[in-house]
């Protein structure tokens, strides 16, 4: 009888649960920009807006249980870290993480005081997931402003945790786990696709597309041909040592700088720092 009573007691014991707090950060890059020593061509970059359209956060347990948030938001990471959502009452243990970066729709929300309704209307009308504004400076060349967007439409799945290199996150019993969507803004300046090794940050090809008003736009980036890169005066684009500048697209069929950057930033959203995710086009 005692053994049966113990078995019954164990079967009725409550399942241990915990919570998850979902945040988003563009780190120092989105907030403070990048100094000239980081760029191969001596430019510095500072953002005044770094809008990202993100949401549909999903957790999946090893047992196949799914907890999902339908919330989708447009946030400005230049203003700092943003709270995206919270999931409560999850079974304690390991969960896989997924989320989407996609253009806004009619249900996209705006965190209080973070993004204006006008910015939402602009980004939504153009079908962009990223909208960036700011300025770039180079000694001896001057100040250029930029205002451009990119139509990323992808779901990040099976994310690695950047804190410890394990799969997803662990929901602690009677406590709260942190899940941060971390955007590495420097990806947009990479000169190689498909790798982080050997990349250099460049801005000269961006600046060379500016009009007489010194403003760089999405339309301007689309005029910069990767197989015929032009410099500030319309000359062949070369490094300071005279070597022609080459952008390496890897396995991707991209032909303009705008298409190159769009592809480069598809996977710039990570989990808890540098944790990479599997990218699934939507």
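Kindly provide the pair-distance distribution of segment 103-200 built from C-alpha pairs, with 10 Å bins from 0 and whole-percent values in order of increasing distance.
Pairs per bin, as whole percents: 10, 28, 34, 23, 5, 1.
Which of 198, 127, 162 moves the most in a Gaussian network model of the chain with Cα springs under 10 Å?
198
Rounded to the nearest 500, what is the chain's calculated 222 nm mean residue ellipticity when only DSSP H runs of at least 4 contribute -39500 (n - 2.57) each, over all residues?
-3500 deg cm²/dmol
When ranked by the protection proxy of mean other Cβ atoms within 10 Å per residue, highest first, what sequence do the peptides 241-248, 166-173 form?
In decreasing order of mean packing, 241-248, 166-173 become 166-173, 241-248.
Could you put 44, 116 in order, starting from the residue whose Cβ has the fewest other Cβ atoms within 10 Å? List each step's numbers first, then the result.
Working: 44 17, 116 13.
Ascending number of Cβ neighbours within 10 Å: 116, 44.
Specify the residue with the greatest mean-square fluctuation among 200, 263, 78, computed from a Gaussian network of the chain linking alpha-carbon atoms under 10 Å apart.
Between 200, 263, 78, it is 200 that shows the largest mean-square fluctuation.
Of 57, 39, 260, which is the most mobile in a GNM of the chain whose springs link Cα atoms less than 10 angstrom apart?
Judging by the Gaussian network model, the answer is 39.
Only bridges whose two residues both fall in the chain count here: according to DSSP, what percent of them are antiparallel, nearest 5?
Values: 58 of 71 bridges.
DSSP beta bridges in the chain are roughly 80 percent antiparallel.
Using the Cα atoms of segment 40-111 to build a convex hull, what is its mean projected area in square nanometres?
Across all orientations, segment 40-111 yields a mean hull projection of 7.5 nm².
Could you give the length gained by full extension between residue 197 and residue 278, i.e. 0.36 nm per residue of separation minus their alpha carbon distance, to one decimal place?
27.3 nm
Would you mind ranking 88, 256 by Cβ crowding within 10 Å, fewest neighbours first? If you can, show how the numbers build up before the last one.
On the way: 88 11, 256 16.
Least crowded to most crowded, the residues run 88, 256.
Would you mind ranking 59, 90 by Cβ crowding within 10 Å, fewest neighbours first? Could the numbers behind the result be given before it?
Working: 59 25, 90 20.
Going from sparsest to densest Cβ surroundings: 90, 59.
Convert 20 °C to kelvin, take the viscosity as 1.002 mPa s, use the Kirkwood radius over C-alpha pairs of the chain as Rh, and evaluate the Stokes-Einstein diffusion coefficient in µm²/s, rounded to a whole number. Write out the running numbers ahead of the final one.
Numbers: Rh = 20.4 Å.
The Stokes-Einstein estimate is 105 µm²/s.
For segment 6-154, divide the Cα radius of gyration by the Kirkwood radius and give the resulting Rg/Rh value with two decimals.
Taking Rh as the inverse mean 1/r over Cα pairs, Rg/Rh reads 1.15.
Readers should treat all values here as calculations from the given coordinates under stated rules, not as data from a laboratory. Only a predicted model underlies this, so the values are computations on that prediction, with no experimental measurement involved. Every residue, glycine among them, receives a Cβ derived from its backbone with ideal geometry; neighbour counts consider all protein chains shown.
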